Amino acid sequence: MRGSIPAGHAPTLEMVAAQAGVSRATVSRVVNGSPKVSPEVVESVQAAITALNYVPNRAARSLASRRTQAIALIVPESAARVFDDPFFASIVQGAALALAGTEYTLNMLIESELDPDKTRRYLLGGNVDGALVVSHHTGDHSFAHLSRSLPLVFGGRPLDPEESSGYTVDVDNEHGATAAAQHLIDAGRTRIATIAGPQDMPPGVDRLHGFTTVVTGAGLADDLIEFGDFTAASGAAAMHRLLERAPELDAVFAANDQMAMGALSALADAGRSVPDDVAVVGFDDDRYAATAVPPLTTVRQPSSEMGAEMARKLVRLIAGEDVESATILPTELVVRQSG
């Protein structure tokens with residue numbers, strides 16, 4: 001009887017072929033996505049697969065196609081940083097959702113600080129078909145060099161042309177920072193500081209450049225710059241330093257929301273009212289921004305879409321398709337109560 005499976009036996013390729021009334025080779029072509037099968041036959045085979053609850057033998061498919069059906073998402077940061085910053089969660093979510101409709105699984109790799117070559121060995125060991133690299137620091141050439149052996153898509157442009165992977169997805173960091181600075185100027189703020197991000201990372205560089213371009217263009221001083229590492233603690237420390245240097249400051253642009261949260265805390269400790277005494281604008285619009293006290297004015301970057309676009313681009317690369325080398329996603333200023 002068609003469609004029946006002996007007890008204790010998993011459905012096989014041969015059973016699917018019998019159910020669909022085609023050869024075993026035809027079923028194999030359908031399972032492996034061959035274009036040499038008519039739509040009618042594909043439909044018949046897919047119906048048989050569904051009826052029998054057949055699961056393809058991925059090990060055999062991998063040997064035949066030299067594919068693992070796995071993609072690595074690499075974050076060259078400490079585990080504490082990765083799990084503390086909502087930005088990374090959004091990137092992972094976007095990539096995972098984009099891959100949900102494919103045969104690829106997503107493996108997240110947090111680079112080991114004790115053995116940084118461990119990740120490279122894993123990637124070159126035939127364990128994945130390609131990789132997504134998030135939060136890349138300049139000076140780390142190894143991942144860019146891996147692009148010669150493995151399809152890679154980077155989140156963010158490289159600072160150094162030597163590190164260019166050829167394929168990137170980024171947000172318009174500079175435009176977002178210019179919008180934030182202009183908003184503060186339009187609000188009548190005249191002594192504007194910034195808590196900039198690390199200068200070995202593209203977002204840190206681009207957001208600082210956007211800020212200083214607008215502030216100096218308005219004839220204001222751009223001397224109030226302190227640096228953080230995109231954590232709340234570094235934002236609080238930088239805010240304290242700024243207040244010591246310029247007690248009269250009336251606004252601050254933080255290069256991400258986590259540092260902006262730290263700035264809010266430091267301002268509260270100093271008895272400064274936000275936004276009456278000091279306006280605060282962040283960058284990200286992460287999940288904490290709307291519930292901050294006061295709710296944070298910030299630049300929204302499409303982090304989840306960034307992860308999704310990185311994944312989609314990598315899948316196309318693995319398939320050998322022509323792919324645009326650089327994709328830039330737009331940002332948007334979200335005005336709330338902090339400034």
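A few notes on this one:
- Across region 182-198, computed HN-Hα scalar couplings (Karplus, 6.51 cos²θ - 1.76 cosθ + 1.60, θ = phi - 60°) run 5, 4, 5, 5, 5, 7, x, 7, 10, 10, 9, 10, 9, 9, 7, x, x Hz from first to last residue, x flagging Gly and Pro.
- In sequence order, calculated HN-Hα J values of region 86-99 (Karplus, 6.51, -1.76, 1.60; Hz; x Gly/Pro): x, 4, 5, 4, 5, 4, 4, 4, x, 5, 5, 5, 5, 8
- For residue 334, distant residues with modelled amide H under 5 Å away: 298, 299, 300
- Simple point charges give the picture: +1 on the Cβ of Lys and Arg, -1 on the Cβ of Asp and Glu, and for region 208-272 a dipole about the Cα centre of about 40 debye.
- Near-label residues of region 184-220 by backbone N, under 18 Å of a point 7 Å along Cα→Cβ of residue 244: 193-196
- Extension gain, residue 221 back to residue 191 (0.36 nm per residue minus Cα-Cα distance, nm): 10.1 nm
- For region 275-339, the equivalent ellipsoid derived from the Cα gyration tensor has semi-axes of 36, 11, 6 Å, listed largest first.
- Take the Cα of residue 100, go 7 Å toward its beta carbon, and the backbone nitrogen atoms of region 305-327 under 17 Å from that spot belong to 305-312.
- Amide hydrogen neighbours beyond the local backbone of residue 172, cut-off 5 Å, H modeled: 329, 331
- Ordered by the count of other Cβ atoms within 10 Å of each Cβ, fewest first, 250, 84, 206 give 84, 250, 206.
- Shape class for region 168-224, computed from the alpha carbon gyration tensor (a ≥ b ≥ c): prolate, with a/c not under 1.5 and a/b above b/c.
- Label-point separation, residue 324 to residue 149 (7 Å along Cα→Cβ), nm: 3.2
- Using the Cβ of residue 294 as centre and a radius below 13 Å, the other residues enclosed give a net charge of 0, where K and R count +1 and D and E count -1.
- Inter-site label distance for residue 200 and residue 290 at 7 Å from Cα along Cβ, in nm: 3.6
- Prolate/oblate/rounded call for region 173-301, Cα gyration tensor, a/c under 1.5 rounded: rounded
FYI, it's all coordinate maths here, none of it is from the lab. Note that this is a predicted model, so its numbers are computed, not measured. No Cβ is skipped: glycine too gets one built from the backbone with ideal geometry, and neighbour counts run over all protein chains shown.
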